[in-house]
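Student: Mind looking over this structure? Questions follow.
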Amino acid sequence: MAPITNEQELQKTEFRWAMIVTGAVTVLFAVIGISSFVMALHPPSHVESIDPATVSQSKEFAESNLGTSVDPDGAVTVRIIATQFAFVPRCIPVPQGKPVTIRVTSPDVIHGFLIAGTNANTMVVPGYVAEVRTVFGTAGDHLMPCHEFCGLGHSEMWALVRVVPQAQWQTDADGKARCDISR
Amino acid sequence: MTYRADRLILAHFGVAFAAFALAILLGAWQMTVRSGLEPAFTSPEAYFASVTAHGTIMGYVMPTLFIMGFGYFVSVTTLDRPLPSLRLAWAGFWLVIVGVAMALPAVFSGKATVLYTFYPPLTGSVFYYLGLVLVVVGSWFWVGLMIWAMAGWKKDNPGKPVPLAMYGNVANAFLWLWTTVGVAVELLFQVIPASLGWTQTIDIGLARTLFAWTLHPIVYFWLLPAYIVFYTIAPRAAGGRLYSDMMGRLSFLLLVLYSLPVGMHHLFMDPEHGTGFKFLQMMLTVLVTVPTLLTIFTIGASMEIAGRLRGGKGLFGWIGALPWDRPMVLATCLSFVLLGFGGFGGIINMSYGMNAMIHNTSWVTAHFHLIYGGTVVIMYFAIAYEFWPKLVGREPLSLKPIRLQLWMWAIGMVVTTFPWHILGLEGQPRRVATFDYTNPMIAHWQNWTIVSMIGGYILLTSGLLFVWNLLTLYRGAEADRQMHYAVAVYPPHRVPSALNGFDLCNGLVLFLMLMAYGYPVAQFFFIKDYPALVHRVDLGN
Ligand SMILES: [Cu+2]
Ligand SMILES: [Cu+2]
């Protein structure tokens, strides 16, 4: 930059730098805006509450309704309970290349999960149903650790997501998929 | 300067760094556990108690005490008048000490293993929370004294610009006051009643939102002393002048404004908030980069002035001409470089969409260790090396071990955090004690974890060398006890009142906070939500 000869000169340089800063911030806005809208990477944000004390008595999160189910119209929904210190169920089959809706809640404390190698990631907060929508591209097993401290057993809280190629994808008569029948 | 508060300041710094030494020891041990090397005491109980202690000391105890001591030093040296009340300052100090003495035993006895972020419904011993409340209340004494000191000086010096370092210092006092509101409300109205057994349930959405209120600006509270030093000490240490006093004031003001209404970027992955306010706070987060970019420019220009005054020529020749042997110059440069790495990671974190790849993975741990350890703490070292000789009247024996210590810290930070970035992208969750490396899907994580553990031991060695460097200072030659601050190229004669006080600033903060948090907090009082049952970790359930 030019050597400073007087105060006006200094202010001019400052002004030029302010323009550069404005430009940089505009670029940042654009990058973040585009990555949020165009790539449609939306974090789980539909506020849906549920009473944590009666989660297991609810129709949706009753033990028999957990896991992966395919509706008659073909929509795939995974329902999971995150509880100290396990996910129910522990193995979750999903079809490759199809939209999947994952719905999770906790009856006790805060948990969270990510599915390694994918963008699926959410906090699981008691009192709310967290919903994540995603499409699994690569077939194979993906680890699904609990990623928020939930107590002394937290390190042991892992599940497995099994992405099954369409050709091998099978469900039972009720539209439920299980890890031992699809592989 | 005629007025001093040496013992007060040394007491703050002394306790801050003693706690710091303990916390880095815990940090290195935690990394050893995570690497699967099974060091002594490996157990989930010990690991998570250690993580709680490490976070509590590094987040609440060390920086708060350090910043209080720093503020007292800046106040007496820039205003050249005594503190408004030395007695209240000591009272604040002792409140913090009592608070620490209550909180840490609760943590080490395993009765408060909730991590420093609390995250109810997990609830620990009431002594842990009450101790932290005392730490915060003690720091509010400091806030009051700093505001009072500036007001007194302004009254006696009407129309004159408040010295830049003091202006930044009071900016930080106000920032801290605003910052602590969230966590104070969470602790006093939600967590402490639960830990006393008065309430059996907690509104988790509200608790998380209040904590997010605090969790972002607290980082800027830690950071502000570093920025103050960039503007008011580093240019002089380099042998030059501050390029622009006004840029400093503007940056401090913007740091207060933009660091507060943005904490919900920590809740992007949370189900209790809708898209709208997450998006709004993300956009406000982008603005936090403005004061940092202004600072990079102003300090770069100030350093250029210094380099050219020392005979540096050409486009980059001035860089080589800087006095790199001086710890302050070296630390400033290292701090900027690590801020660059940490800032890059942060931009990913704050991106509403991209955050999904790395939320709650080791990537996040890497990011905030780079900002906290790399940018902030390295400047705390430099500040201690600058102030300690003035406080005890002794010159360091040699600058060599000081430079070595700073280099080791910066290298240790890189070695520790770069593997965490990689592991985070691969989905390694943070806050996990041990991994099953016999699982072929994650077996390859172990090597990177071991590399970062080695980084942890480099940091530990550097931290201990830092303590050693301060202790050996007492054997040094007599030092000049006068503190000199950098002078601006064109020292201001008058500054607009908005940049000489905080009335407008606080008004704007109030407006922004109402806009950013008004609905997100209020919603919990009218949407149909259900509280969670309290889980008492201190009672074993
Ligand atoms: Cu967990
Ligand atoms: Cu933040």
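The values are calculated or read from the model by the stated rules, or taken from the named source; none is laboratory data. Just so we're clear, the structure is a prediction, and the values are computed from it rather than from any experiment. With ideal geometry, Cβ positions are generated from the backbone for all residues, glycine too; neighbour counts draw on all protein chains shown. Heavy atoms of the whole protein, side chains included, go into the accessibility calculation; ligands, DNA and RNA do not. Shrake-Rupley method; radii C 1.70, N 1.55, O 1.52, S 1.80 Å.
Student: Relative to the isolated chain, which residues of the range A:84-123 have their accessible area cut by 40 Å² or more in the presence of all protein chains (1.4 Å probe, heavy atoms, no ligands or nucleic acids)?
Tutor: Relative to the lone chain, where solvent access is computed with a 1.4 Å probe, the range A:84-123 loses at least 40 Å² at A:VAL109, A:ILE110, A:LEU114, A:ASN119, A:ASN121, A:MET123.
Student: Return the Rg/Rh ratio of the range B:273-324 with Cα-based radii and a Kirkwood Rh.
Tutor: 1.40
Student: Kindly sort B:LYS313, B:LYS278 by accessible area of their heavy atoms, largest first, with the probe set to 1.4 Å.
Tutor: The ordering from most to least exposed comes out as B:LYS313, B:LYS278.
Student: Probe 1.4 Å, all protein chains in place: accessible area of B:ASP480 in Å², nearest 10?
Tutor: Surface accessible to solvent at B:ASP480 totals approximately 100 Å².
Student: Return the ratio Rg/(2.2 N^0.38 Å) for the range B:231-309, where Rg is computed over Cα atoms only.
Tutor: On the way: Rg = 17.2 Å, N = 79, 2.2 N^0.38 = 11.6 Å.
Scaled against compact globular proteins, the figure is 1.49.
Student: What percent of all Cα-Cα pairs in the range B:1-142 falls in each 5 Å bin, counting up from 0?
Tutor: 2, 10, 18, 19, 16, 12, 9, 6, 4, 2, 1, 0
Student: Sticking with this structure for a sec: Counting only helical runs of four or more DSSP H residues, what would the 222 nm mean residue ellipticity of chain B come to if each run contributes -39,500 (n - 2.57) and the total is spread over all its residues?
Tutor: Numbers: 21 runs with 356 residues, N = 541.
Value at 222 nm, helices only, nearest 500: -22000 deg cm²/dmol.
Student: What whole-number distance in Å separates the alpha-carbon centres of the range B:493-537 and the range B:1-49?
Tutor: Going from one Cα centre to the other spans 32 Å.
Student: Given the options B:LEU465, B:VAL15, B:VAL229, identify the residue whose Cα lies farthest towards the positive end of the charge dipole of chain B (+1 on Cβ of Lys, Arg; -1 on Cβ of Asp, Glu).
Tutor: B:VAL229
Student: Among the DSSP beta bridges whose two residues both lie in the protein assembly as shown, what percent are antiparallel, rounded to the nearest 5? Kindly include the intermediate steps, with their values, before the conclusion.
Tutor: Values: 31 of 45 bridges.
If I count the DSSP bridges inside the protein assembly as shown, around 70 percent turn out antiparallel.
Student: Taking +1 at the Cβ of each Lys and Arg and -1 at the Cβ of each Asp and Glu, which of B:THR77, B:GLN523, B:PHE279 sits farthest along the dipole of chain B towards its positive end, judged by Cα position relative to the Cα centre?
Tutor: Selected residue: B:THR77.
Student: Okay, moving on. Along Cα→Cβ, 7 Å out, is where each label goes; now give me the distance between the ones at A:VAL25 and B:ASP325 in nm to one decimal.
Tutor: For A:VAL25 paired with B:ASP325, the spin-label model returns 4.2 nm.
Student: Further question on the same structure: When we measure straight from the Cα of B:LYS313, which lysines land under 24 angstrom away, once same-chain ones fewer than 8 places off are left out?
Tutor: Counting by Cα, and skipping residues close in sequence, B:LYS313 has these lysines nearby: A:LYS12.
Student: Moving to a separate point now. Excluding ligands and nucleic acids, what accessible area in Å² is computed for B:LYS390 using a 1.4 Å probe, to the nearest 10?
Tutor: Solvent-accessible area, nearest 10 Å²: 30 Å².
Student: When averaged across all projection directions, what area in nm² does the alpha-carbon convex hull of the range A:52-177 cover? Write down the numbers at each step before the final one.
Tutor: Numbers: hull surface 28.8 nm².
Here the figure is 7.2 nm², rounded to one decimal.
Student: Determine the total buried accessible area between chain B and chain A, counting protein heavy atoms only with a 1.4 Å probe; round to the nearest 100 Å².
Tutor: That pair hides around 5600 Å² of surface in total.
Student: Cα atoms only, the range B:6-538: Rg and Dmax in Å?
Tutor: Spelled out, the Cα radius of gyration and Dmax of the range B:6-538 are 22.7, 71 Å.
Student: Rank B:PHE368, B:VAL135, B:HIS493 by how far each Cα sits towards the positive end of the charge dipole of the protein assembly as shown (+1 on Lys, Arg Cβ; -1 on Asp, Glu Cβ) and give me just the farthest.
Tutor: It is B:HIS493, whose Cα lies furthest towards the positive end.
Student: Please compute the Kirkwood hydrodynamic radius of the protein assembly as shown from all pairs of different C-alpha atoms, in Å with one decimal.
Tutor: So the Kirkwood estimate lands at 26.8 Å.
Student: Loop-only trypsin sites (Lys or Arg not before Pro) in the range B:491-538, please: DSSP not H, G, I, E or B, and at most 10 other Cβ atoms within 10 Å.
Tutor: Those that pass, being in a loop and sparsely packed, are B:ARG494, B:LYS528.
Student: Quick check on my link table: of A:LYS59/B:LYS528; B:LYS111/B:LYS278; A:LYS59/A:LYS176, which ones sit more than 27 Å apart, alpha carbon to alpha carbon? The partial results should precede the final answer.
Tutor: Numbers: A:LYS59/B:LYS528 19 Å; B:LYS111/B:LYS278 34 Å; A:LYS59/A:LYS176 16 Å.
Table pairs above 27 Å Cα-Cα are B:LYS111/B:LYS278.
Student: Which residue fluctuates the most in chain A, going by a Gaussian network model with Cα springs under 10 Å, if the choices are A:VAL25, A:VAL70, A:VAL125?
Tutor: A:VAL25
Student: Now for a separate question. Taking the Cα centre of the range B:427-541 as origin, work out the dipole magnitude from +1 charges on Lys and Arg Cβ and -1 charges on Asp and Glu Cβ, in debye rounded to 20.
Tutor: Working: 7 positive and 6 negative charges, 10 e Å.
It works out to roughly 40 debye.
Student: So, one more: Let me know the charge dipole size of the range B:6-538 about its Cα centre in debye, to the nearest 20, where only the beta-carbon of Lys, Arg (+1) and Asp, Glu (-1) is charged.
Tutor: On the way: 28 positive and 21 negative charges, 243 e Å.
I would put it at about 1160 debye.
Student: Provide Rg and Dmax in Å for the range B:147-210, with only Cα atoms included in the calculation.
Tutor: 18.8, 56
Student: Suppose the chain between B:VAL98 and B:LEU404 were pulled fully straight at 0.36 nm per residue; how much longer would it get relative to their current alpha carbon spacing? Write down the numbers at each step before the final one.
Tutor: On the way: separation 306, 0.36 × 306 = 110.16 nm, distance 3.54 nm.
Between B:VAL98 and B:LEU404, full extension yields an extra 106.6 nm.
Student: Could I ask something else about it? For the range B:440-533, just say rounded, prolate or oblate: build the C-alpha gyration tensor, square-root its eigenvalues into a ≥ b ≥ c, call rounded for a/c under 1.5, and beyond that prolate if a/b exceeds b/c, oblate if not.
Tutor: Judged from the Cα gyration tensor, the range B:440-533 comes out oblate (a/c at least 1.5, b/c at or above a/b).
Student: Could you tell me, in Å, what Rg and Dmax come out for the Cα atoms of the range B:127-263?
Tutor: My reading of the Cα-based Rg and Dmax gives 18.2, 61 Å.
Student: Continuing with the same structure: Using only the Cα atoms of the range B:380-508, what semi-axes does the equivalent ellipsoid have when each is the square root of 5 times a gyration tensor eigenvalue? Give whole Å, largest first.
Tutor: In descending order, the three semi-axes are 41, 27, 11 Å.
Student: Please identify the cysteines of the protein assembly as shown that lack any partner cysteine with a Cβ under 4.7 Å from their own Cβ.
Tutor: A:CYS146, A:CYS150, B:CYS333, B:CYS505
Student: Ok, one more. Using DSSP to define loop residues, name the chymotrypsin sites (Phe, Trp or Tyr not before Pro) in the range B:5-91 whose beta-carbon has at most 14 other beta-carbon atoms within 10 Å.
Tutor: Sparse-neighbourhood loop chymotrypsin sites (Phe, Trp or Tyr not before Pro): B:PHE41.
Student: Once the Cα gyration tensor of the range B:359-448 is diagonalised, what are the square roots of 5 times its eigenvalues, in whole Å and ordered largest first, as equivalent ellipsoid semi-axes?
Tutor: 37, 13, 9
Student: Please list log₁₀ I(q)/I(0) at q = 0.12, 0.13, 0.25 Å⁻¹ for the range B:74-155, using the Debye equation with identical point scatterers on the alpha-carbon positions.
Tutor: These q points yield log10 I(q)/I(0) values of -0.47, -0.52, -1.06.
Student: Quick one: Cα centre-to-centre distance for the range B:230-309 and the range B:167-218, in angstrom?
Tutor: One Cα centre to the other: 24 Å.
Student: Further, regarding this structure: In the range B:42-103, if every C-alpha pair distance is counted and binned at 10 Å from zero, what percent goes to each bin?
Tutor: Pair shares across the bins are 19, 38, 25, 12, 6, 1.
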